[in-house]
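Comments concern the structure below.
The values are calculated or read from the model by the stated rules, or taken from the named source; none is laboratory data. Here the structure is a predicted model, which is why all the values come from computation and not from measurement. Don't worry about glycine lacking a Cβ; one is built from the backbone with ideal geometry, like all the others, and counts go over all protein chains shown.
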Amino acid sequence: MSIKTEARKTGQPLVGPPAGDRALDYGSALNEAFLQLMERDPTMVLIGQGLYSPWYVGNSMVKLEERFGKERVIDCPVSESAMTGVAIGLALAGVRAVMVHPRMDFMVYATDPIFNQAAKAHYMFAGQVNVPVVIRGIINRGNEQAAQHAQALQSIYMHQPGLKVVMPATPYDAKGLLIASVRDDNPVIFIDDRWLYSQVAPVPEDFYVVPLGKGAVLRPGSDVTVVATSYMTVEALSAAEQLAGSGVSVEVIDPRTLKPLDEELIYSSVEKTGRLVVADAAFPTCGAASEIAALAAEHAFSSLKAPIQRVTLPDAPAPCSTSLEEVYFPKAENIVLAIQRTLKP
Amino acid sequence: MTETLSGDSALWRAMYRAMLRIRRFEEAIGDCVESGEIIGPAHLYIGEEAVATGVCLALRRDDFIFGAHRSHGHYLAKGGDMAALAAEIFGKATGCSEGRGGSMHIIARDVGLLGTSALVGGGFGPGVGTALASRLQGRDRVTAIFFGDGATEEGIFFEALNFAALHHLPVIFVCENNGYSSHLRIQERQPIDTLYEHAAVYRIPSIRVDGNDVRAVHQTGLEAVDRARKDQGPTFIEAMTYRWRGHVGPKLDLDVGLRTREELDSWIARCPIENLANFMDEVGAWNPGERQAIDREVAQEVATAIGFARQSPRPDPSELLWHVYQD
C-alpha cells in the first residue's frame, strides 16, 4: 500500500491540494478516509453509538455498515466506558479500532479507559504493549442544545501524557489526519466539530496522510499571528479578511494537532509578527489557548511587542437560548477585537 | 468428569505446586514489605490461591487473562516468570514492567497477561475487547477476567456483561468474592450477596463455586473454557473465598477492628492448599516424599526470585521519559 505524505512544508502557505481534485464536504472526506482505511486493513473495526443512524454522525459514517458488515461496523449499546475499553482491548490484541462518540459530552463517561488505560499502558508496561486506538469525539453545539450538548473538551485530553490530540479544520486535513491517526501506534483523540461539516474543499481521492504534529499556515501575514483551532480557523480567516481592508496583515495558523504541538511553526510566526492571538472555542482555564500562550511566552517572549490575547468561551457552561448563545460562542468579531488589542500602541 | 487416580494425580500435583508457589511468594513479599525493602503497595493473594490456579490450569498459554490490583497470583498461575514479578514489586529495572509499573501493573505478554489495571473494574473493557478481537481474527482463544466483589459495584461491570452477552463473546468473568472491598464488608455495600445473579440477568450461564476448592474451581473453569472455545458465549464464575491478609500489605487488619479473629480462623481452617493436600493424602496421590520435594523446590524458587529482585538495579534516572509514546 502506498501513502502520499503531504507535500506542503511546515511554515509555507497552504495552497490546497493540486488543482483538479474533487471538492468534498468535511463529513464526506471523513467517510472516504474510513472507507479507504477499512478496505486496506481487513481487521479494522469501527465502534460507536449511532453508526447505523441517519442523524447521529452527520454523513461521516454512511454506507460503511453496508460495505463492511455489522461484524466490523458495530453500532453499540449506550455504554461509553465499556465500549471505549473494548476498543482498547481490540488494540491490545492487534485489531485497530476507531471508537466514535457522536457527542463529546458523553465521552466523559469513558474517562477511565482513556486516561488510566489507553494513555498509560505503553508507559506502565515499559513499551511491551501499545494501544493503537482512535477515539473520535464530535463537538455538536448551538441551536439551543444547552450545557451538556455543547462542550469542546480537547484540553482535558491534551493534559494526559500518552495521548495525541488532533482537531482538523478542513476537509483535506480531516481525511489526511484521520488516516494518520489510525495508522499511529499511540492512542489518538480525534476531535471534529459539526460546525465544520458544511466546509467544502478539494480532497484528493488518493490515500494520503497529513502527519500528526504538523501545523499549517492558512493565510500568511506580517503584523499579527492568530493561532486558531478547529472551527475557530474559519472565524480567524474571516477576521483576517476584515482587517486586510484596514491595512492589517494577519497570519492565520492552524496547529491541526494540539498534541504534539507544532511549536516551531508558532514561534517562527511570532518572531516575524511580534503579536499573538490564540483562538480556541473552549473553556478558558487550563485550555488549549492557555497552553499555547504559555509556550509562546516561554519561548518567544523577546519577540513579543504586546501581551498575548486569548479568544475562548467565557468561563461558563453553554446556555440554551439563542440570545445567550449569540454572545457565548466566540466569532470573527471577537478575534478582530483581540487583534486590535495587540496593535494598541 | 470422573477423576481417576492415575490420570489426575499429575494434575493435582500441578495444582498443589501452583498454589504453593503463590503462597510462598506472597509470604516472602509480605516479609519484604515489613522489612522496608518493598516500598510500594502490595496487595497479597494469600488464601485465594485456588481461584487463579483452578482457572488458569484450564486455560491455554495463548489465552488472555486480565487482573487488577491484586494479581500476583494470576500472573504466577498463568505462567509468568517469578523472578521478573519479584523484581517489579521491588521497583527494579529487571522487573516485568522494568520498574515502571510496580505490584499493581504487571505484565506477562508471552503467557497472555497484557497488563493489569489498578482501577477497580479496569479489566472489564479491555478484557471483553480482546475476546472480540479473537472472534474477528478467527481464533479460538478465550479471555478470563479476574475481579473482586467490589468490581461488581462499578457501572462498567454491567456494561461489559451486557456487551459480552449480546455478542456471545468468548470471555469468562471470574469474580473472586472475598467478602470485602478494601475495608468494607459486602453486606454494607450490596443488598444481595449472590453476585452470580447479576450475570444471570443477561442470560449468561453463571455459577457459584467454593473458591477454596481448587478441583471444583478447575472443573468449573474447564466447562467455561469449553463453552467459550466453542463460541457458545460467556460464563460467570463466582468463587467464594477469603483473603487472609489485609487489603494491602502483610498485616491482618484484626487490630483495626475490620474483622474478627474467629472469622479469619474459620477461613484458615479451610486453607485451599491444605484442602488439596489432605485430599491427596486420603486418596494416596503422592509418591513417598513427593510433597516435601515440591515444598523444597518451591522454597528454593522463591528464595532465588527474591534474591534476584534484591540484587537487581533500579531503573536509570536517564530513562525517566522512555515509553511515554511509541515512536
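Please specify each residue of the stretch A:114-124 satisfying the condition of being out of contact with any helix residue (DSSP H, G or I) (no Cβ under 8 Å at 6 or more places or on another chain) and within 7 Å of chain B (Cβ to nearest Cβ).
Passing the criteria: A:116, A:122, A:123, A:124.
When the stretch B:105-115 is examined, which residues are found to be facing another protein chain (nearest Cβ under 9 Å) and in a loop (DSSP other than H, G, I, E, B)?
Result: B:105, B:106, B:107, B:114, B:115.
Out of the residues in the stretch A:21-40 that are without any contact (Cβ under 8 Å) to a residue 60 or more places away in the chain and not aliphatic (A, V, I, L, M), state the one that is surrounded by the fewest Cβ atoms within 10 Å (Cβ to Cβ).
This residue is A:39.
Any residue in the stretch B:117-128 that is more than 27 Å from residue B:201 (Cβ to Cβ), more than 7 Å from chain A (Cβ to nearest Cβ) and not hydroxyl-bearing (Ser, Thr, Tyr)?
Checked against the condition, which is being more than 27 Å from residue B:201 (Cβ to Cβ), more than 7 Å from chain A (Cβ to nearest Cβ) and not hydroxyl-bearing (Ser, Thr, Tyr), the stretch B:117-128 yields at least one hit.
Name the pairs whose Cβ atoms lie under 7 Å apart, with the first residue in the stretch B:246-275 and more than 25 Å from residue B:295 (Cβ to Cβ) and free of Cβ contacts under 8 Å to residues at least 40 places away in the same chain, the second buried (at least 18 other Cβ atoms within 10 Å of the Cβ) and not acidic (Asp, Glu), and 6 or more positions between them or separate chains?
B:251/B:245; B:254/B:264
Does residue B:315 satisfy the criteria of being surrounded by 13 or more Cβ atoms within 10 Å (Cβ to Cβ), farther than 30 Å from residue B:91 by Cβ, modelled with pLDDT of 95 or more and within 14 Å of chain A (Cβ to nearest Cβ)?
Answer is no for this residue.
Under 7 Å by Cβ, and 6 or more places apart or on different chains, what pairs join a residue from the stretch A:76-91 that is facing another protein chain (nearest Cβ under 7 Å) and free of Cβ contacts under 8 Å to residues at least 24 places away in the same chain with one that is surrounded by fewer than 24 Cβ atoms within 10 Å (Cβ to Cβ) and assigned to a loop (DSSP other than H, G, I, E, B)?
Short answer, once both residue conditions are applied: none.
Mind checking whether some residue in the stretch A:105-113 is more than 7 Å from chain B (Cβ to nearest Cβ) and over 18 Å from residue B:119 (Cβ atoms)?
Yes.
Of everything in the stretch A:105-118, what is surrounded by fewer than 24 Cβ atoms within 10 Å (Cβ to Cβ) and not charged (D, E, K, R)? Give them in sequence order. Reasoning before the result, please.
Taking the stretch A:105-118 and keeping what is surrounded by fewer than 24 Cβ atoms within 10 Å (Cβ to Cβ), we get A:105-106, A:108-109, A:111-112, A:115-116.
Within the stretch A:105-118, A:106, A:108, A:109, A:111, A:115, A:116 qualify.
Just checking, which of A:283, A:301 is touching a residue at least 24 places away in the same chain (Cβ under 8 Å) and of a type in the set (Phe, Trp, Tyr)?
A:283
Any residue in the stretch A:266-274 that is modelled with pLDDT of 95 or more, crowded, with 22+ Cβ neighbours inside 10 Å, small (Gly, Ala, Ser) and within 19 Å of residue A:191 (Cβ to Cβ)?
Checked against the condition, which is being modelled with pLDDT of 95 or more, crowded, with 22+ Cβ neighbours inside 10 Å, small (Gly, Ala, Ser) and within 19 Å of residue A:191 (Cβ to Cβ), the stretch A:266-274 yields no hits at all.
Looking at A:132, A:187, A:102, A:168 in this structure, which one is within 11 Å of chain B (Cβ to nearest Cβ) and under 15 Å from the mean Cα position of the chain (by Cα)?
Values: A:132 fails: under 15 Å from the mean Cα position of the chain (by Cα); A:102 fails: within 11 Å of chain B (Cβ to nearest Cβ); A:168 fails: within 11 Å of chain B (Cβ to nearest Cβ).
None of the others qualify; the one that does is A:187.
When residues of the stretch A:195-212 are filtered for being over 16 Å from residue A:31 (Cα atoms) and surrounded by fewer than 20 Cβ atoms within 10 Å (Cβ to Cβ), how many remain?
Of the residues in that region, 2 qualify.
Does any residue of the stretch B:12-24 turn out to be over 17 Å from the mean Cα position of the chain (by Cα) and of a type outside the set (Val, Ile, Thr)?
The answer is yes; a qualifying residue exists.
Residue B:9 - would you say it is surrounded by fewer than 23 Cβ atoms within 10 Å (Cβ to Cβ), without any contact (Cβ under 8 Å) to a residue 24 or more places away in the chain, away from chain A (no Cβ under 14 Å) and over 13 Å from the mean Cα position of the chain (by Cα)?
No; evaluated as a whole, the condition is false for this residue.
So that you can scan it fast, the table gives a plain yes or no per residue for (1) under 24 Å from residue A:24 (Cβ atoms); (2) among the aromatic types (Phe, Trp, Tyr); (3) surrounded by 24 or more Cβ atoms within 10 Å (Cβ to Cβ); (4) in contact with a strand residue (DSSP E or B) (Cβ under 8 Å, 6 or more places away or on another chain):
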site: A:218; (1), (2), (3), (4): yes, no, no, yes
site: A:227; (1), (2), (3), (4): no, no, yes, yes
site: A:238; (1), (2), (3), (4): yes, no, no, no
site: A:249; (1), (2), (3), (4): no, no, no, yes
site: A:284; (1), (2), (3), (4): no, no, no, yes
site: A:297; (1), (2), (3), (4): no, no, no, no
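Quick check, is residue B:302 modelled with pLDDT of 95 or more and closer than 25 Å to residue B:72 by Cβ?
The answer is yes for residue B:302.
Can you say whether residue B:37 is among the acidic types (Asp, Glu), outside any helix (DSSP H, G or I) and surrounded by fewer than 22 Cβ atoms within 10 Å (Cβ to Cβ), as far as the supplied structure shows?
yes
Of the residues B:231, B:226, B:281, which is over 18 Å from residue B:148 (Cβ atoms), among the acidic types (Asp, Glu) and touching a His at 6+ places or on another chain (Cβ under 8 Å)?
One residue alone meets the criteria, B:231.
For the stretch A:295-325, which residues satisfy the criterion of being closer than 14 Å to residue A:146 by Cα and acidic (Asp, Glu)?
Correct list: A:325 only.
Conditions tested, residue by residue: (1) closer than 25 Å to residue A:115 by Cα; (2) without any contact (Cβ under 8 Å) to a residue 12 or more places away in the chain; (3) of a type in the set (Ser, Thr, Tyr).
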{"residue": "A:192", "(1), (2), (3)": "yes, no, no"}
{"residue": "A:201", "(1), (2), (3)": "no, no, no"}
{"residue": "A:205", "(1), (2), (3)": "no, no, no"}
{"residue": "A:218", "(1), (2), (3)": "no, no, no"}
{"residue": "A:223", "(1), (2), (3)": "no, no, no"}
{"residue": "A:231", "(1), (2), (3)": "no, no, yes"}
{"residue": "A:248", "(1), (2), (3)": "no, no, no"}
{"residue": "A:271", "(1), (2), (3)": "no, no, no"}
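Among the numbered criteria (1) β-branched (Val, Ile, Thr); (2) assigned to a helix (DSSP H, G or I); (3) in contact with a Leu (Cβ under 7 Å, 6 or more places away or on another chain), which one does residue B:51 miss?
(3)
Please list, ordered by first then second residue, the pairs with beta carbon atoms under 9 Å, 6 or more apart or interchain, first in the stretch B:189-218 and surrounded by 16 or more Cβ atoms within 10 Å (Cβ to Cβ), second basic (Lys, Arg).
So the pair list comes out as B:195/B:208; B:196/B:208; B:205/B:227; B:210/B:270; B:212/B:270; B:213/B:270.
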